[in-house]
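The values are calculated or read from the model by the stated rules, or taken from the named source; none is laboratory data. Here the structure is a predicted model, which means the values were calculated and not measured. Because the Cβ atoms are built from the backbone with ideal geometry, glycine has one as well, and the counts that use them run over all protein chains shown.
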Amino acid sequence: MDMQTITILGSTGSIGTQALQVARKHNMKVKAVAAASNVKMLAEQAKELDVSCACIYNADKKAELDERLSGTGIKTLTGMDGLKEIASLDGVDKMLNSVVGMVGFEPTLAAIRHGTAVALANKETLVAGGDLVMREAHERGVPIYPVDSEHSAIFQALQGNDENRIRKIILTASGGPFFGKKREELAGVTVDQALAHPNWSMGRKITTDSATLMNKGLEFIEAMHLFGVSAEQIEIVVHRQSVVHSAVEFEDNSVIAQMGVPDMKIPIQYALLYPKRVECEVGRLSLTDYGSLTFERPDYETFECLTSCIEAIKRGGTLPAAVNGANEVAVAAFLDGRIGFLDIGRIVKTVGETAEYKEIHTENDVLEADACARRAARELIG
Ligand code: MG
């Protein structure tokens, strides 16, 4: 394989910084980087990698980025237009989209429309606008490589099975820090408790989503779009050790799973170097060190975000965008100390049940549903 050229949206986050380690180790050219607001780290990355352009999404930080990169010849950008410009640069083999939230939706579409392959870590892209995104990707023949560990596992299990029908997907869930707890035990949960994930080290938004199981609901929707299966074909299984990253059952009752230590570098590297499997700087899996692996049913009553996501995708249209938008607002309010932990599930459920159903024809349908849901969530927060 020739030297690959990539761009990274979300380069200062958990996925982005690990992707840069993979890129350095495997000698990939990084042509552009983008971050939400960490302007200091973004400027350091831009200089070290000698990128063509760097984008700081937060417009208030643009002047500082200009100052830090003055004299380097690196083009600086800001806002959604900046992200979309990076997503549609010429001469790029793959764009890694690892931004947090709905912000990732339009850049993903921009890359697909430009014909650039996408390594997708931004699950909100598919949750909110999956029908549109997958349709455009198929029409243009643009591949989407999943970065999420579960979807990477499913994608890996499907290799060599183009002709074989998926009977069922087994989507594993760690269960988060509160697995086994009942609703009444979760009323007083603090931000620190919600952010203490047992297995995975991730950003604050996704870690909160893992504690509410919203993350698994989003992944359920993401899996339906990526792999073309129905809601009835996905079984969520709580697997506390996060060693089996997900599995596919085929027509012959054979189940193929992908395993490994819980470390995002494996799926990140597989998405960036696909189909190559080469040395990766992660620990090796010792099954005997684990001794036993456990599998249980999720508690759909306690973790109502999960149930709201499944209801939303069964109804379809703009409803998944609505529950996602409501969740983004609710999680931000929780992390700010403005609402309690259980309020997140209440807000997602209420907005999901009251949002107007519309079909998705264009990206504006998605963006409007998202904006409506955010307004409704803000009203509920008060
Ligand atoms: Mg995941």
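Screening G104, G129, G115 for residues that are within 24 Å of S246 (Cβ to Cβ), out of contact with any strand residue (DSSP E or B) (no Cβ under 9 Å at 6 or more places or on another chain) and not acidic (D, E) leaves exactly one candidate, G129. Within the stretch 107-130, restricting attention to residues that are assigned to a strand (DSSP E or B) and in contact with an Asp or Glu (Cβ under 9 Å, 6 or more places away or on another chain), the residue that is surrounded by the most Cβ atoms within 10 Å (Cβ to Cβ) is L120. For the stretch 180-238, the set of residues classified as basic (K, R) and touching a strand residue (DSSP E or B) at 6+ places or on another chain (Cβ under 9 Å) consists of K216 only. The one condition from (1) under 30 Å from I6 (Cα atoms); (2) assigned to a helix (DSSP H, G or I) that T307 does not meet is (1). What are the residue pairs meeting all of these: first residue in the stretch 192-217, first residue of a type in the set (F, W, Y), second residue within 13 Å of the ligand (Cβ to nearest atom), Cβ atoms under 6 Å, and 6 or more apart or on different chains? If the second residue must be within 13 Å of the ligand (Cβ to nearest atom), the pairs left are W200/P262.
Might you let me know whether the stretch 152-174 holds any residue that is touching a helix residue (DSSP H, G or I) at 6+ places or on another chain (Cβ under 8 Å), among the charged types (D, E, K, R) and without any contact (Cβ under 8 Å) to a residue 40 or more places away in the chain? Checked against the condition, which is being touching a helix residue (DSSP H, G or I) at 6+ places or on another chain (Cβ under 8 Å), among the charged types (D, E, K, R) and without any contact (Cβ under 8 Å) to a residue 40 or more places away in the chain, the stretch 152-174 yields no hits at all.
Specify which of the listed residues (S210, S174, S246, S201) is within 20 Å of K265 (Cα to Cα) and touching a Leu at 6+ places or on another chain (Cβ under 6 Å).
Step by step, each of S210, S174, S246, S201 is checked, and only S246 is within 20 Å of K265 (Cα to Cα) and touching a Leu at 6+ places or on another chain (Cβ under 6 Å).
The residue list K62, K40, K84 contains one member that is farther than 30 Å from A369 by Cα and either surrounded by fewer than 22 Cβ atoms within 10 Å (Cβ to Cβ) or touching a residue at least 40 places away in the same chain (Cβ under 8 Å) (or both), which is K40. Against the numbered list (1) free of Cβ contacts under 8 Å to residues at least 12 places away in the same chain; (2) of a type outside the set (A, V, I, L, M); (3) under 13 Å from L171 (Cα atoms), S254 comes up short only at (3). Does A117 count as modelled with pLDDT of 95 or more, closer than 19 Å to N97 by Cα and more than 14 Å from the ligand (Cβ to nearest atom)? Yes: the conditions hold for A117.
Looking at the stretch 131-164, which of the residues that are within 16 Å of the ligand (Cβ to nearest atom) and small (G, A, S) is nearest to Y274 (Cα to Cα)?
The residue in question is S152.
For the stretch 6-28, give me each residue that is within 24 Å of M80 (Cα to Cα) and surrounded by fewer than 16 Cβ atoms within 10 Å (Cβ to Cβ).
First pass over the stretch 6-28, keeping only residues within 24 Å of M80 (Cα to Cα): 6-20.
Result: T17, single match.
How many residues, within the stretch 194-217, are of a type outside the set (S, T, N, Q) and crowded, with 24+ Cβ neighbours inside 10 Å? Steps first, please.
Initially, the stretch 194-217 is screened for residues of a type outside the set (S, T, N, Q), giving 194-198, 200, 202-206, 209, 211, 213-214, 216-217.
Among the residues that remain, those that are also crowded, with 24+ Cβ neighbours inside 10 Å are: 194, 209, 211, 213-214, 216-217.
Result for the stretch 194-217: 7.
Scanning the stretch 89-106 for any residue that is surrounded by fewer than 24 Cβ atoms within 10 Å (Cβ to Cβ) and more than 24 Å from the chain's Cα centre (by Cα) turns up at least one such residue.
Note on the stretch 178-213: residues that are away from the ligand (no atom under 15 Å from the Cβ) and not hydroxyl-bearing (S, T, Y) total 19. Just to be sure I understand, how many residues within the stretch 297-335 are surrounded by fewer than 23 Cβ atoms within 10 Å (Cβ to Cβ) and among the polar types (S, T, N, Q)? Total meeting the criteria: 2.
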